[in-house]
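Report on the following structure.
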């Protein structure tokens, strides 16, 4: 028999007195907005809450519900009253509590995931004397194959090409600089040789003049 909950209607009553604690915010429920699961595998649907009050397992209540679409009636997935878990008829023994109440973890696992398991999962939690009912919503999407891993070959090739081009550019700059330096040294040497040649020529001319003047 399937246990159903009308959407937006809580099965809990708030009869406990609330003790206000300064600096404490209301209950928060932390869940992933969406989860992808591979058909035939086991998926963990996580739900963790924070509350102003320490958990009393004798009073603590939680349940998970399932909706095929947002317009459908919620069906019970798991109900945990105190420390007793009650799986649903719909999912049978494929549902297993995988949380840790000491850490406010209400997660469960769903094994042998089927395409019809796709839908909306609700995590409800009450932690008296907190009157706030925590509520988390997760969209489960079942896929038949995982997306291919990101191919890094192209990235590596591009990186190698860029690196090679950069290395070639640097090498070219070094070669050009060396050639320019070598050319500059050659010009300096040529100028020096020309200057020395001029000096030698002037010296020879002076010597010739001396010989011509001598009686």
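Read the figures in this text as sums done on the coordinates, not as results from a lab. Given the structure is predicted, the values throughout are model-derived calculations rather than measurements. FYI the Cβ positions are ideal-geometry reconstructions off the backbone, even for glycines, and counts take in every protein chain you see.
Just a few scattered comments:
- Remark: spin-label model distance residue 44-residue 70 equals 2.9 nm, labels positioned 7 Å along the Cα→Cβ axis.
- For 69, 50, order by how many other beta-carbon atoms lie within 10 Å, fewest first: 69, 50
- Packing-based order for 55-62, 42-49, using average beta carbon neighbours within 10 Å, highest first: 42-49, 55-62
- Neighbour-count order for 179, 110, fewest beta carbons within 10 angstrom listed first: 179, 110
- Counting every other Cβ atom within 10 Å of each residue's Cβ, 141, 54, 80 order from fewest to most as 54, 141, 80.
- Across the stretch 118-142, the residues whose backbone nitrogen lies under 16 Å from the label position 7 Å along the beta-carbon direction of residue 33 are 120-121, 136-141.
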